Amino acid sequence: MNSFVRLGIFSAILAAGLFAWNHFAPPQNTHPLSWGILAFFILITAFIDFLLTRPGRSPQSFVRTFMAVTTLKLFLFLLILVLYAFVDREGAFVFIFHFLVFYLLFTAFEVAVLMRHFRPKS
């Protein structure tokens, strides 16, 4: 199964979970940008998957690209969290909570996809 198909299935499951969360959780625990955060992580994950799993890459090239992308992603995400905390101090906690939950879920997904992609073929 293609990694983009897996991303689509994973994203649909998360969207269903987010819909349920926004519908059943208390209003103070939901954030109006939660759908935007989900879309942001879907796009970032698809872009990173495209960069890292292109065919014909040498192992050295993969390692360099992986380290660069991971570093840039980490700093970008940290910048987004800090800027949002300065802009909206009252809603920052819920935003950061949603952001970090999606970060952890999508990071686990990326690792699983990359391990499956680069598993030795037997």
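So which of ARG54, ARG6 is within 19 Å of ARG116 (Cβ to Cβ) and not in a helix (DSSP H, G or I)? Step through it out loud before you land on a result.
Details: ARG6 fails: not in a helix (DSSP H, G or I).
So the residue among ARG54, ARG6 that is within 19 Å of ARG116 (Cβ to Cβ) and not in a helix (DSSP H, G or I) is ARG54.
Could you tell me which of the residues SER11, SER61, SER34 is among the small types (Gly, Ala, Ser) and in contact with a His (Cβ under 6 Å, 6 or more places away or on another chain)?
Values: SER11 fails: in contact with a His (Cβ under 6 Å, 6 or more places away or on another chain); SER61 fails: in contact with a His (Cβ under 6 Å, 6 or more places away or on another chain).
Every option except SER34 fails the conditions.
Within segment 98-110, residues that are under 19 Å from ASN22 (Cα atoms) and in contact (Cβ under 8 Å) with a residue 60 or more places away in the chain sit with their Cβ atoms under 7 Å from residues that are in a helix (DSSP H, G or I) and small (Gly, Ala, Ser), at 6+ positions apart or across chains, in these pairs: HIS98/SER34.
Can you find a residue in segment 7-16 that is at negative phi, of a type in the set (Ser, Thr, Tyr) and modelled with pLDDT under 90? Talk me through it step by step, then tell me what you get.
As a first pass, look at segment 7-16 and keep what is at negative phi: 7-16.
Retained after the next criterion (residues that are of a type in the set (Ser, Thr, Tyr)): 11.
This time we only want the ones that are modelled with pLDDT under 90, so: none.
No, the conditions are met nowhere in segment 7-16.
Of everything in segment 57-88 that is of a type in the set (Ser, Thr, Tyr) and not in a loop (DSSP other than H, G, I, E, B), the residue that is farthest from SER3 (Cα to Cα) is TYR84.
Residues being closer than 21 Å to HIS117 by Cα, in contact (Cβ under 8 Å) with a residue 40 or more places away in the chain and among the charged types (D, E, K, R) are entirely absent from segment 59-66. GLY91 passes every criterion in (1) farther than 24 Å from ASN2 by Cα; (2) touching a helix residue (DSSP H, G or I) at 6+ places or on another chain (Cβ under 9 Å); (3) at pLDDT 90 or above; (4) surrounded by 11 or more Cβ atoms within 10 Å (Cβ to Cβ) apart from (3).
The values are calculated or read from the model by the stated rules, or taken from the named source; none is laboratory data. This structure is a prediction, so every number in the text was calculated from the model and none was measured. Cβ sites come from the backbone with ideal geometry, for glycine too, and all protein chains shown count toward neighbours.
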